[in-house]
Amino acid sequence: MRGGCTYHGLALNVNMDLAPFRDINPCGYEGLVVTRLADLGVSMTTSTASEALAEHLPGILARGC
């Protein structure tokens, strides 16, 4: 943490095989469950999801932490 903000990566799982995540501790947290948009009932292509993320992420980041 620096300046009251934490720094982590970002992964947007659209409809991929999540099996490899069973062998790691995401963000260092044992037992943390990884999901994907498809499991949440969101049906879109990776391209559409990335466009939506690119549209909304700058505004979210501009708000700061």
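Using the heavy atoms of the protein chains and a 1.4 angstrom probe, tell me the accessible area per residue for the chain in square angstrom. Mind showing how you got there, number by number?
Details: 5440 Å² over 65 residues.
Result: 84 Å² per residue.
The magnitude of the dipole of the chain, with charges of +1 and -1 set on the Cβ of Lys/Arg and Asp/Glu and taken from the Cα centre, is near 240 debye. Fully extending the segment from residue 16 to residue 54, taken as 0.36 nm per residue of separation minus the present Cα-Cα distance, adds 11.7 nm. Of the peptides 37-43, 53-59, 12-18, the ranking by mean beta-carbon count within 10 Å, highest at the top, reads 12-18, 37-43, 53-59. Taking the charge dipole of the chain about its Cα centre, with +1 at Lys and Arg Cβ atoms and -1 at Asp and Glu Cβ atoms, the residue from 18, 33, 43 reaching farthest to the positive side is 33.
Local charge for residue 14 was computed over the other residues whose Cβ lies under 13 Å away, with Lys and Arg +1 and Asp and Glu -1, and equals -2.
Surface composition of the chain: carbon plus sulfur atoms contribute 56% of the solvent-accessible area (1.4 Å probe, protein chains only, all chains present). Backbone geometry of the range 26-37 corresponds, through the Karplus equation with coefficients 6.51, -1.76 and 1.60 at θ = phi - 60°, to 3J(HN,Hα) couplings of x, 6, x, 9, 5, x, 5, 8, 9, 10, 9, 4 Hz, x marking Gly and Pro.
The values are calculated or read from the model by the stated rules, or taken from the named source; none is laboratory data. This structure is a prediction, so every number in the text was calculated from the model and none was measured. Methodologically, a virtual Cβ is constructed for each residue, glycine included, from the backbone with ideal geometry; neighbour enumeration extends over all protein chains shown. Side chains included, ligands, DNA and RNA excluded: accessible areas come from the protein's heavy atoms. Shrake-Rupley method; radii C 1.70, N 1.55, O 1.52, S 1.80 Å.
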